[in-house]
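The values are calculated or read from the model by the stated rules, or taken from the named source; none is laboratory data. Here the structure is a predicted model, which is why all the values come from computation and not from measurement. Backbone-built Cβ (ideal geometry, glycine too); neighbour counts: all protein chains shown. Just the protein is used for accessible areas: all its heavy atoms, side chains included, with ligands, DNA and RNA removed. Shrake-Rupley method; radii C 1.70, N 1.55, O 1.52, S 1.80 Å.
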Amino acid sequence: EMGNIARRFWARVWQRRGNPPSPDAVDSYLEHFDAKIDPDNRPKKPVLEDVLDAIASSNNSAPGPDGIPFAVYRLMSEDVAPVLLSCIEYLSKGLKAPDGFNWGNLHLIPKGNSDVISNTRPISVTNSDNRIIAKVVASSLYEVVDDIISDLQKGFTPGRKGEDHVRMLNECFYGEADGPN
């Protein structure tokens, strides 16, 4: 019964998001975006060591639909890393991922001490192999896109902290309250 309640509630929430923007709307939005990636600083092609690093730095968070935890990947890293690297190379050619590759389990995390469905936060948990591959690809892009990402972007960017925004707001607010310096 809880699954049906969650399905009905979140289906209505997600339905309100509407359709994604058209290609023309995206082009119009990006029309004045002029940041360029330096041709001499292209993303590096992931290598086996990158996959091994991603596996080694994995945590013990929940496994996805296949139920295989990160601990298995860490235990068998020397065997699975070459397979995952082959998957990255396959996907980088624009080939289609196998059915189920992007499937995930939906977990509803309670907000506060309420059992009301509207006081939950949905989190989709994909399989561990999917998350390892995503980490390797994202890591290969960080250095390149760091130059074009606004300094105001803090979340999901290595070396940047969301708390910097809070600190800046406090400094602006209290600096102004005390008068000019």
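Brief remarks follow.
- Pick from the range 8-28, criterion open to solvent by less than 100 Å² (accessible area, probe 1.4 Å) and not in a helix (DSSP H, G or I), ranking: modelled with the lowest pLDDT: GLY18
- Leading residue by the ranking (most open to solvent (accessible area, probe 1.4 Å)) among those in the range 143-157 that are touching a residue at least 24 places away in the same chain (Cβ under 8 Å) and assigned to a loop (DSSP other than H, G, I, E, B): ASP147
- Restricting attention to the range 53-102, the residues that are open to solvent by 80 Å² or more (accessible area, probe 1.4 Å) and of a type in the set (S, T, N, Q) total 4.
- The range 29-49 - residue that is over 20 Å from SER150 (Cβ atoms) and not charged (D, E, K, R) and, of those, nearest to the chain's Cα centre (by Cα): PRO46
- Residues considered: SER140, SER124, SER118. Of these, the only one that is open to solvent by 50 Å² or more (accessible area, probe 1.4 Å), polar (S, T, N, Q) and touching a residue at least 24 places away in the same chain (Cβ under 8 Å) is SER118.
- Only one of ILE123, ILE132 that is among the aliphatic types (A, V, I, L, M), within 20 Å of ASN60 (Cβ to Cβ) and outside any helix (DSSP H, G or I): ILE123
- Exactly one residue out of ARG131, ARG160 is open to solvent by less than 80 Å² (accessible area, probe 1.4 Å) and at pLDDT 90 or above: that is ARG131.
- Beta carbons closer than 8 Å, at least 6 apart along the sequence or on distinct chains, pair a first residue in the range 71-89 that is among the aromatic types (Phe, Trp, Tyr) with a second that is assigned to a helix (DSSP H, G or I) for TYR73/ILE55; TYR73/VAL80; TYR73/SER128; TYR73/ASP129; TYR73/ILE132.
- Scope the range 46-86; condition more than 21 Å from GLY104 (Cβ to Cβ) and either among the acidic types (Asp, Glu) or in contact with a Phe, Trp or Tyr (Cβ under 7 Å, 6 or more places away or on another chain) (or both); matching residues: GLU49, ASP50, ASP53, GLU78, ASP79
- Checking each residue in the range 37-67 for being charged (D, E, K, R), assigned to a helix (DSSP H, G or I) and at pLDDT below 95 picks out only ASP40.
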